[in-house]
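Q: After the structure tokens below, expect a handful of questions from me.
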């Protein structure tokens, strides 16, 4: 039910913005895009590094 309410609000906002109805998203497409966004929302952006730091850079900045 929340998906449908969000889709209706999205369509209402698009109509107020002057976006033609043929360019607006259908309910099924909106549902798929929402599900895809939610499935990727809990994943880290980049894999976290594990283990010892490499010898390329010092672990701490040099004292000044």
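Here is a yes/no grid of residues against (1) in a loop (DSSP other than H, G, I, E, B); (2) modelled with pLDDT under 85:
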residue: 6; (1), (2): no, no
residue: 9; (1), (2): no, no
residue: 12; (1), (2): no, no
residue: 19; (1), (2): yes, no
residue: 35; (1), (2): no, no
residue: 42; (1), (2): yes, yes
residue: 47; (1), (2): yes, yes
residue: 53; (1), (2): yes, yes
residue: 64; (1), (2): yes, yes
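Q: Next question, about the same structure. Of all residues in region 9-20, count the ones that are on the phi < 0 side of the Ramachandran plot and exposed (fewer than 12 other Cβ atoms within 10 Å of the Cβ).
A: Qualifying residue count, region 9-20: 6.
Q: Still on this model: How many of the residues in region 21-33 are in a helix (DSSP H, G or I) and surrounded by 10 or more Cβ atoms within 10 Å (Cβ to Cβ)?
A: Summing the residues that are in a helix (DSSP H, G or I) and surrounded by 10 or more Cβ atoms within 10 Å (Cβ to Cβ) in region 21-33 gives 6.
The values are calculated or read from the model by the stated rules, or taken from the named source; none is laboratory data. Quick caveat, the model's predicted, so the values are computed rather than measured. For neighbour counting, all protein chains shown are included, and Cβ atoms are generated from backbone atoms with ideal geometry for every residue, glycine included.
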